[in-house]
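Chemist: Below is one structure. I have some questions about it.
No lab work stands behind these numbers, since they all come straight from the coordinates. What you are looking at is a predicted structure, and each value in this text was computed from that prediction instead of being measured. Here the Cβ positions follow ideal geometry from the backbone for every residue, glycine too, while neighbour counts run over all protein chains shown.
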Amino acid sequence: MMGYKADHYFYQTLWFGVLNAGYRMPAISELDGNSSRSDQHYFGSLRTYYQTGGKISINRVAEALRNGKTFVSSGPIIQADVDNKYGPGDIVRLDGKMHDLNIRVYASGDTSDFLSYVIVYRNGKIFKVWDIRGEK
């Protein structure tokens, strides 16, 4: 759904449209690269993370996938929750109260790699942007 180029925003528009229509689709990465590290999409560069809540087993991974408790990355890691209670795959019902969105972001495991921006989308639109290009 997201495509290969960061500036292809129509992929994001499609994704947000699907989510805003009420569909819950778990994020899963693809394996269409090859084993050579010189390839843009070498095996292992696109990763799916599963929130299993404990020990890893094929049953816990399948349950996490069914419940939408996954995220995909080819580099940065984003951990987020709402009110220290709701995480990936959880539905936060409207209740008219204020809620806290807690975000932790990390660049890839490459020590020379740094984040440039953190962008929060709300209802398919940019809600907040942090430009952190000057920080390391």
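Chemist: Would you kindly derive the ³J(HN,Hα) couplings of the range 124-135 from the backbone phi angles with the Karplus curve 6.51 cos²θ - 1.76 cosθ + 1.60 (θ = phi - 60°), listing them in order in whole Hz, with x for Gly and Pro?
Modeler: Taking θ as phi minus 60°, the curve returns x, 10, 5, 9, 8, 10, 10, 8, 10, 4, x, 10 Hz for the range 124-135.
Chemist: Can you work out the PRE-style zone for residue 21? Point 7 Å along Cα to Cβ, and I want the residues of the range 97-136 with backbone N under 17 Å.
Modeler: It comes to 124, nothing else.
Chemist: Using modelled backbone amide H atoms (1.01 Å from N, in-plane), which distant-in-sequence or interchain residues come within less than 5 Å of residue 115's amide H?
Modeler: Counting only residues 5 or more places away or on other chains, the set is 107.
Chemist: Kirkwood-based Rg over Rh for the range 69-136 (C-alpha set), two decimals?
Modeler: When Rh is taken as the Kirkwood radius, the ratio is 1.00.
Chemist: Give the Debye-formula value of log10 I(q)/I(0) at each listed q (0.24, 0.32 Å⁻¹), with one equal scatterer per alpha carbon of the range 65-105, two decimals each.
Modeler: Treating every Cα as an identical point scatterer, log10 I(q)/I(0) equals -0.91, -1.17.
Chemist: Taking K and R as +1 and D and E as -1, what net charge do the other residues with C-beta under 9 Å from the C-beta of residue 82 add up to?
Modeler: -3
Chemist: List every residue whose amide H lies under 5 Å from the amide H of residue 121, counting only residues 5 or more places away in sequence or on a different chain, with H placed 1.01 Å from N in the peptide plane.
Modeler: 127
Chemist: Across the range 77-94, in residue order, what do the Karplus-derived ³J(HN,Hα) couplings come to in whole Hz, using 6.51 cos²θ - 1.76 cosθ + 1.60 with θ = phi - 60° and x for Gly and Pro?
Modeler: Calculated HN-Hα couplings, in order: 10, 10, 10, 9, 8, 10, 6, 6, 10, 9, x, x, x, 7, 9, 9, 6, 5 Hz.
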